[in-house]
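Here, each number is a calculation from the coordinates, and none is a lab measurement. Quick caveat: nothing in here was measured; it's all calculated off a predicted structure. Here the Cβ positions follow ideal geometry from the backbone for every residue, glycine too, while neighbour counts run over all protein chains shown.
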């Protein structure tokens, strides 16, 4: 059994002993702590009610976890809006749609079927800050509980936010629904038998797209490993080719990550989901600026012509941003770090290389629905195949390696010494150490694990061979340091 507590929430495998797996005891304690800190964060006058949205993906344990979370919220005197089967971005938006004080998403994202998790939202439908998350972790360790008396118990209402989410996507200025309808696309959707099978076909129907459903029955029995990586999408690739579809769409169980398959069955590559959307948005900005005789900054208002991703994401985003005159900024790994950076920079677009598109004009959260609508708008305007579109972008490959150590104390020493060895290169140490070799358009990013004595190494270059060679070079330097 596994239980992982972090500032973003609590997740683990269902069952086992409290504190060792995700058990009813852990769920109640953690939900209670969320309620305690919610009241501290948003104090209200006596008699004013608190409201929290609860949404879940289609995991087998979803109903059990939902009952425990909802019951605890009610017992704390908090009203609950049950969103039922709802994607992560749907639940995030639902907090705003109904003016709630917060939200709890029941999903373990791309983790296998035995996992579940509680992800916590603030009143804006965004993930809590690191400090707020830590305060909840600390509070959950206490043994003191004080629940509401019978006359102050919370109330429950049920509400389906699916169509409101779709409406909000179609209302985005950058989504050209008319162009998509005229293109008459044919796509295959693999929703891994979770909530994407409910919302994605409905969005595509509204866009006039012919949708072939693959694993779209929300049973929670995942048809394959739910992480949308090429090795897990072989059935989708075959179906795209056999059905002569224009595109394959894959989402993870809670629909915040998005990957595409080209018409020839080849992966578009997750890293390029965000790249393609950003390229479309910046091209629109440049066209608007030229058409109206204004600057790129004026065209982007109320945002700035800035893109953002985490340090381990592809350089291709920076390349397409700068091609159109925009500016790229990097954030530490983790969605909350990316959204925090996007807020501070008023970024137009951002996300993560795992297929996570964050478009602030909609909301500050990864949203595969928005990503699909923007991608199809781009494809409709470009009037080319998906593989041809991919070929227009800078081509990079990321290699993943690791250094296994006997002592965690060696990690900081290695990272500090590497900064000295490569001091002549561009160094970023906001999250581990990232060394960028600008003349070669290559980089390597080293991050320490929070749970194991290892250093994770991501390296990017024009080819997989070059990326592996760069990683091996840095590993060799690291080994010399600890000899």
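A few remarks follow.
- 20 Å cut-off, amide nitrogen to a point 7 angstrom out along residue 64 Cα→Cβ, residues in region 23-45: 23-32
- Cβ-derived FRET efficiency at R0 56 Å, residue 153 paired with residue 392, nearest 0.05: 0.45
- Within region 271-391, percent of DSSP bridges classed antiparallel, to nearest 5: 30 percent
- Region 271-391: C-alpha gyration tensor shape, a/c 1.5 cut-off, then a/b vs b/c: oblate
- Residues of region 439-483 with an amide N closer than 15 Å to a point placed 7 Å from the Cα of residue 416 along the Cα-to-Cβ direction: 481-482.
- If the chain linking residue 202 and residue 1 were pulled fully straight, counting 0.36 nm for each residue of separation and taking away their Cα-Cα distance, it would gain 68.7 nm.
- Potential lengthening of the chain between residue 171 and residue 323 amounts to 51.9 nm, from the contour at 0.36 nm per residue minus the alpha-carbon distance.
- The calculated FRET efficiency for the pair residue 472 and residue 225, based on their C-beta separation and a Förster distance of 35 Å, comes to about 0.80.
- Label zone at residue 178, where the point sits 7 Å out along the Cα-to-Cβ direction: region 371-399 residues whose backbone N lies under 18 Å: 374, 376-383
- Overall form of region 165-261 per C-alpha gyration tensor (a/c, 1.5; a/b vs b/c): oblate
- Expected 222 nm ellipticity per residue - DSSP helices of 4 or more, -39500 (n - 2.57), all of the chain, to 500: -12000 deg cm²/dmol
- On the basis of the beta-carbon distance and an R0 of 30 Å, residue 290 and residue 437 show a calculated FRET efficiency of 0.30.
- Packing-based ranking, highest mean first, of 150-161, 185-196 given that Cβ atoms within 10 Å are counted: 185-196, 150-161
- For residue 429 and residue 361, the difference between the fully extended length at 0.36 nm per residue and the C-alpha to C-alpha distance is 21.5 nm.
- Rounded, prolate or oblate (a/c below 1.5 giving rounded, otherwise prolate when a/b exceeds b/c) for the chain by Cα gyration tensor: oblate
- Size of region 397-482 as Cα extents on the principal axes (Å, biggest first): 34, 24, 23
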